[in-house]
1. Please specify each residue of the stretch B:8-22 satisfying the condition of being more than 46 Å from the chain's Cα centre (by Cα) and closer than 17 Å to residue B:47 by Cβ.
2. Which pairs do you get when a residue that is in contact (Cβ under 8 Å) with a residue 12 or more places away in the chain, found in the stretch A:103-129, comes within reach of a residue that is charged (D, E, K, R) and in a helix (DSSP H, G or I), reach meaning Cβ atoms under 7 angstrom, with the pair 6+ apart or on two chains?
3. Could you check residue A:117 against (1) more than 17 Å from the chain's Cα centre (by Cα); (2) part of a helix (DSSP H, G or I); (3) within 15 Å of residue B:47 (Cα to Cα); (4) polar (S, T, N, Q) and say which number it fails?
4. Tell me yes or no: at least one residue of the stretch A:139-158 is facing chain B (nearest Cβ under 9 Å), among the β-branched types (Val, Ile, Thr) and either assigned to a helix (DSSP H, G or I) or surrounded by 14 or more Cβ atoms within 10 Å (Cβ to Cβ) (or both).
5. Quick one: is residue A:71 under 15 Å from the mean Cα position of the chain (by Cα), part of a helix (DSSP H, G or I) and of a type in the set (Phe, Trp, Tyr)?
6. Give the residues of the stretch B:59-76 that are at the interface with another protein chain (Cβ under 7 Å from one of its Cβ atoms), surrounded by fewer than 19 Cβ atoms within 10 Å (Cβ to Cβ) and not in a helix (DSSP H, G or I), sorted by residue number.
7. Within the stretch B:9-26, track down each residue that is loosely packed, with under 13 Cβ neighbours inside 10 Å and not hydrophobic (A, V, I, L, M, F, W, C).
8. Given the criteria within 16 Å of residue A:131 (Cα to Cα), assigned by TED's automatic domain parsing to the domain that holds residue A:69 and in contact (Cβ under 8 Å) with a residue 40 or more places away in the chain, does residue A:35 qualify?
Amino acid sequence: MLTRKDRQRFEKLTLPHLGAAYNLALWLVRDASEAEDIVQTAYLRAFEAFGNFTGTNSGAWIMTIVRNTAFNLLNKQKRNSNLVSFDEVSHINDQKYKNTYDLTPEEMINLASSNIQVAELIDRLPIDYREAVFLREIEGYSYKEISEITQVPKGTVMSRLSRARGQLQKLVLEQQKKEQARGL
Amino acid sequence: MDCEQIQTKIESYLDGELTLSDRRDFECHVSVCTGCSHKLESMRTIQKMIRNTGYSNTPSALKRNIQNQLRDYTGEEAKNSGWLRWVGFGGGAMAAGSLATWVMMTFLFITPLQTKITDEIISSHVRSLMVDHVTDVKSSDQHTVKPWFNGRLDYSPPVKNIDKAGFELLGGRLDYLQGKVTAALVNKRRAHIINTFISKNNHSEINTEPKLIQRQGYNLLFWKKNGLDYWVISDLNQKELTEFTFLISKP
């Protein structure tokens, strides 16, 4: 049975991560209202399991529960509709953007001078990639921590990050070309 | 390390994941190799772009909702919420200041999805008035209206009698929102019809405080409670509609 003291300790450990939790959910589901629901559910689940929490990294712990809650919800929604599975999406994109580093010198210059906002482009990445990118670039977690949070091997984390960045480079360059063509 | 090896380590380098000696070798190499140094810069650029996207603000109601939910779990009393502050326990006067803050706050929360739902709610409300199809079951008795939904829905919408507070129950009907059959309850305040839409959601643990939305001259309030989504809509003024919401949402 959890008491008032447990609740206070729980809040002290986890509420500082509320912003990160909400943003992770938002990156995953891309809808503010869904993200709120996910975080609220995740915090309640975390509290229910608080008795078993012995670790020290409360941030990574709450992130794990948030992402699991988000994926459970997405899987439920997927079962109820005919969406293409996320794995398929990743696969298609992997084929298309295999060579992360094969930018031409001109492309490199274009990239360096680009002022494209990438937020919308990030939305076009597969969900697993968005998750890895968020945890690494926005939250600053290490490969090992990301591997624990997302429950995949470290090598998978590295390849997701690498592919995500490679795809983003390409997407930025494509976007830039489009805008130049429109004379923006 | 040759160029090929260096290039496989660019991201590990930027992510701070190289050992000290690898790091030294890496830096040594890129300081003299233009090709690798350009590739490093390209990757650094994309990294910066991602980091610049930054954080979205966390809705202020989220923290309060979580805290209340946790208190609920431990059996403590809910934190005195903004909601109770505006309405007062008897549904009495609201401080103009806090109402203004509240309205502003909720305006920021409207997501594209909510806008879509809001539009649907407004159309349903208007349609129910236009075709004179406000109720399927006409009754001012909640013990008639509530059972009427049995078998018509796979959940049981709570129906309260708040006639005494000046919100006469007219009855209920089935409506269609978000591709789902939805319960609609109808109350009346003077000449104003209030529709309350109640539908099932996927988050049975989630309870939120009502949010006020104003659109096309209508006031709407939205909240979640015990696995149900509630939408209240009317052309009734904000203050009285908030009172109504308080009365039907309080335990």
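1. None; the set is empty.
2. Correct list of pairs: A:122/A:130; A:128/A:160; A:129/A:160; A:129/A:163.
3. (2)
4. No, because not a single residue in the stretch A:139-158 is facing chain B (nearest Cβ under 9 Å), among the β-branched types (Val, Ile, Thr) and either assigned to a helix (DSSP H, G or I) or surrounded by 14 or more Cβ atoms within 10 Å (Cβ to Cβ) (or both).
5. Numbers: under 15 Å from the mean Cα position of the chain (by Cα): yes; part of a helix (DSSP H, G or I): yes; of a type in the set (Phe, Trp, Tyr): yes.
Answer is yes for this residue.
6. Of everything in the stretch B:59-76, just one residue is at the interface with another protein chain (Cβ under 7 Å from one of its Cβ atoms), surrounded by fewer than 19 Cβ atoms within 10 Å (Cβ to Cβ) and not in a helix (DSSP H, G or I), namely B:76.
7. Our first condition is that a residue be loosely packed, with under 13 Cβ neighbours inside 10 Å; within the stretch B:9-26, this holds for B:16, B:19-21, B:24.
Scanning the stretch B:9-26 gives B:16, B:19, B:21, B:24.
8. Numbers: within 16 Å of residue A:131 (Cα to Cα): yes; assigned by TED's automatic domain parsing to the domain that holds residue A:69: yes; in contact (Cβ under 8 Å) with a residue 40 or more places away in the chain: no.
Judged against the criteria, residue A:35 is not a match.
The values are calculated or read from the model by the stated rules, or taken from the named source; none is laboratory data. Because the structure is a prediction, the values reported are computed rather than measured. Neighbour counts run over all protein chains shown; Cβ positions are idealised from the backbone, glycine included.
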